[in-house]
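Read the figures in this text as sums done on the coordinates, not as results from a lab. This is a predicted model, so every value here is computed, not measured. Here Cβ is always computed from backbone atoms with ideal geometry, including for glycine, and neighbour counts include all displayed protein chains.
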Amino acid sequence: MTIPLERDPDLGALALTPVRPDRHAELLHGWVTLPRNRFWGMGAHTRDEVREVYAFLAGLDTHHAYLIMLDDEPVGLFQTYRPEADPVGERYPVRPGDVGMHLLLNPPRRYARGLTSAVVPALLRFLLRDPAARRVVVEPDVRNEAALRRLRIEGFEFADEIDLPEKRAQLAFLTRERFEAAAPADDPVRPR
């Protein structure tokens, strides 16, 4: 089941497709083991280990993994989670309406320019479609300068650095109110 997100006038149609571990393990393995994606934390995983990780996630009601599609071509991986059901929820006071996300973009070269600027706001709008979602939570590796730069651009507020089993992470939040205040008037999330 493909979930349409929106059409970017410069790039094309963005959509999400739930990860199917048996079908997508080879693709995901190719992405997560690239040196440039080292902060994903799966660089040493085999294809079968990647499949097992995503099969485990697929069995949870609290975590979801999607391929990000651009004109029906996979360009990235998007994961959502409920912080209270994740190790990050043990490191900060979780609030009702918190929703966590992870993002890995791995576009073909022709999409490299401008993709992040289009995808991240579209994913935030997707998360905030749910009226119960009040705040987006992220926790990138503190060494991931590109991710930290993007979070600042998108208006995330940085909180504490926290220790997670696999990394030292920068905890950051984007409230619905802050996102909507920065959104253009025609943004589908912004109240009319």
Worksheet entry | Formal net charge of residues neighbouring residue 84 (Cβ-Cβ distance under 11 Å; K, R +1; D, E -1) | -1
Worksheet item: Can you give me the relative contact order of the chain as a percent, contacts being Cα pairs under 8 Å and 6 or more apart?
Response: 15
Fill in: Rounded if a/c under 1.5, otherwise prolate or oblate - segment 1-108, Cα gyration tensor axes
oblate
Worksheet, complete the sentence: Counted neighbours (other Cβ, 10 Å), sorted fewest up, put 68, 162 in the order 162, 68
Worksheet item: Can you give the net charge of the other residues whose Cβ lies under 15 Å from the Cβ of residue 142, counting K and R as +1 and D and E as -1?
Response: +1
Fill in: Separation between Cα centres of segment 1-23 and segment 74-93, rounded to whole Å
20
Worksheet item: Can you give the extra length, in nm with one decimal, that the chain gains between residue 2 and residue 85 once fully stretched, where that is 0.36 nm per residue apart less the Cα-Cα distance?
Response: 27.3 nm
Worksheet, complete the sentence: Under the helix-only model (-39500 (n - 2.57) for each DSSP H run of 4 or more, divided by the residues of the chain), the mean residue ellipticity at 222 nm, to 500 deg cm²/dmol, is -8500 deg cm²/dmol
Response to the item:
Cα gyration tensor of segment 3-182 diagonalised, 5x eigenvalues square-rooted, in angstrom largest first, produces semi-axes 23, 21, 16
Worksheet item: Where in segment 91-126 are there trypsin sites (Lys or Arg not before Pro) that are in a DSSP coil and have at most 11 other Cβ atoms within 10 angstrom of their Cβ?
Response: 113
Item to complete: Rank by packing, highest mean first: peptides 26-38, 73-85, with packing defined as the count of other Cβ atoms within 10 Å averaged across residues.
Response: 73-85, 26-38
